[in-house]
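Would you mind keeping the following structure in view while I ask a few things?
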Amino acid sequence: MATTTRIPITVNGTGHGFELDGDTRLLDVLRDELKLKGTRFGCGENQCGACLVLVNGFAVASCDTPLWVLAGKQVTTVEGLGSRAAPHRLQRAFIAEQAGQCGYCSSGMLIAAAALLERCPHPTDAQIREALDRNLCRCGSHNRIVRAVLRAASSS
């Protein structure tokens, strides 16, 4: 039988304490407990990037991250990057470059790009491609996504 423990984490600037089995995946907490649906379930095996979130500024796959490792950490989902009224510069750039076709990969791409821009505010094309390499886009929008990240970098 799984034991529950109170696990405190901050999601998008709001503190939460979850009384859940510590092995519960972050993805399930975000989607089921907090109703944050922007983070997608893709492969469930940390292979596609659809479920990426920022944990203390680093892109992390939420599909295989147990809740217990997040105690006391800051989690940012795509909903926490910006709002409809004040979108993040990456969100504005994705719209301007029409970087999402079906949009399924967009949240993971945005998170990976945000982590990159935090570490490297003016990345090269090659650095962007390397940072987004783990993110799959079945629609083939990679070139538009790279252009969007370059646009966002130039707007800072």
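The values are calculated or read from the model by the stated rules, or taken from the named source; none is laboratory data. In this text the structure is predicted, and so the values were computed from the model without any measurement. For neighbour counting, all protein chains shown are included, and Cβ atoms are generated from backbone atoms with ideal geometry for every residue, glycine included.
Quick one: how many residues across the stretch 132-144 are buried (at least 21 other Cβ atoms within 10 Å of the Cβ) and under 14 Å from the mean Cα position of the chain (by Cα)?
Result for the stretch 132-144: 2.
Hey, another quick one. Every residue in the stretch 22-47 that is without any contact (Cβ under 8 Å) to a residue 24 or more places away in the chain and assigned to a strand (DSSP E or B), please.
None; the set is empty.
To keep it simple, each residue is scored yes or no on (1) surrounded by 14 or more Cβ atoms within 10 Å (Cβ to Cβ); (2) outside the structural domain of Ala50 (by TED's automatic domain parsing); (3) touching a strand residue (DSSP E or B) at 6+ places or on another chain (Cβ under 7 Å).
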site	(1), (2), (3)
Val75	yes, no, yes
His88	yes, yes, no
Ala99	yes, yes, no
Cys102	no, yes, no
Ser107	yes, yes, no
Leu110	yes, yes, no
Ala114	yes, yes, yes
Glu118	no, yes, no
Val146	yes, yes, no
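Would you check if there is a residue in the stretch 48-63 being in contact with a helix residue (DSSP H, G or I) (Cβ under 6 Å, 6 or more places away or on another chain), in a helix (DSSP H, G or I) and assigned by TED's automatic domain parsing to the domain that holds Asp21?
Yes, the stretch 48-63 has at least one match.
Something else: Taking the conditions exactly as written (in contact (Cβ under 8 Å) with a residue 24 or more places away in the chain, of a type in the set (D, E, K, R) and not in a loop (DSSP other than H, G, I, E, B)), does Glu118 satisfy them or not?
In short, yes.
If you don't mind, another one. Tell me which of these Thr24 doesn't satisfy, since it passes every other one: (1) polar (S, T, N, Q); (2) under 16 Å from the mean Cα position of the chain (by Cα); (3) over 28 Å from Pro121 (Cα atoms).
Condition not satisfied by Thr24: (2).
Check Asp21 against each of (1) closer than 26 Å to Cys137 by Cβ; (2) surrounded by fewer than 17 Cβ atoms within 10 Å (Cβ to Cβ); (3) modelled with pLDDT under 95 and name the one condition it does not meet.
(1)
Continuing with the same structure: List every residue pair whose Cβ atoms sit under 7 Å apart, with the two residues 6 or more apart in sequence or on different chains, where the first one lies in the stretch 129-156 and is β-branched (Val, Ile, Thr) and the second, anywhere, is part of a loop (DSSP other than H, G, I, E, B).
Every condition considered, the pairs that remain are Ile145/Ala99; Ile145/Leu132; Ile145/Cys137.
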